[in-house]
Amino acid sequence: MIFGSARNHFKKIEDVCGISGSQLWILKEVDKAPGQGVTELANKLSIHQTTSSLLVEKLVTKNLIIKERSKEDQRRVGLYVTEEAKNILNIAPGPAEGLLPSAVKSLSKETLELLNKGLADVLIQLGGHDEEMANQPLADM
């Protein structure tokens, strides 16, 4: 039910916005903090820097994000949303980060500790899990 709910939410985002759930989340984070770089964005989303960079490049290609070099430090490239991206953000179904992260954020500390313990037990039972998947947005799986 959890994955089905998440999948339905991401499908709705794609139907309404024409972009993936992870791309919408990138747009939201860039809109909240204009001028941040790809590495800062990756840290906020808890994803690998390479994944963040690939998502940003797709949005640059779609003219939804602009990359601009800093006037003070030419090595630094800041990210900014375009007007078209702001229009998408205005019509996008929420939450942009997806249903699962939003739901988890609302849980109490005690519930989170129990959930963490329970999921750790599930991972042990699964065996051979791929640690790299921890850096992949659910919307991209």
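The values are calculated or read from the model by the stated rules, or taken from the named source; none is laboratory data. Nothing here was measured: the structure is a model prediction, and the numbers come from that model. Quick reminder, even Gly has a Cβ in these numbers, built from the backbone with ideal geometry, and neighbours come from all protein chains shown. Quick note on the areas: whole protein, heavy atoms, side chains included, nothing else; ligands and nucleic acids left out. Shrake-Rupley method; radii C 1.70, N 1.55, O 1.52, S 1.80 Å.
Odds and ends about this structure:
- Some residue of region 6-15 being of a type outside the set (A, V, I, L, M), under 25 Å from E131 (Cα atoms) and open to solvent by 20 Å² or more (accessible area, probe 1.4 Å): yes
- Scan of region 71-110 for residues that are within 15 Å of the chain's Cα centre (by Cα), of a type outside the set (A, V, I, L, M) and open to solvent by less than 70 Å² (accessible area, probe 1.4 Å), ordered by number: P93, G94, P95, E97, G98, P101, S102
- If you go through region 61-70 and pick out every residue that is within 19 Å of E14 (Cβ to Cβ) and either open to solvent by 80 Å² or more (accessible area, probe 1.4 Å) or not in a loop (DSSP other than H, G, I, E, B) (or both), you end up with 4.
- Every listed requirement among (1) on the phi < 0 side of the Ramachandran plot; (2) open to solvent by less than 60 Å² (accessible area, probe 1.4 Å) is met by G18 save one, (1).
- Of the set (1) open to solvent by 50 Å² or more (accessible area, probe 1.4 Å); (2) touching a residue at least 12 places away in the same chain (Cβ under 8 Å); (3) closer than 16 Å to E97 by Cβ; (4) of a type in the set (D, E, K, R), all apply to E29 but (1).
- Of the residues making up region 82-103, those that are within 15 Å of I19 (Cβ to Cβ) and of a type in the set (G, A, S) are A85, A92, G94, A96, G98.
- Candidate set from region 113-141 (those that are small (G, A, S) and open to solvent by less than 70 Å² (accessible area, probe 1.4 Å)); member that is modelled with the highest pLDDT: G118
- Complete set of residues in region 71-118 that are part of a loop (DSSP other than H, G, I, E, B) and touching a residue at least 12 places away in the same chain (Cβ under 8 Å): R76, T82, A92, P93, A96, E97, G98
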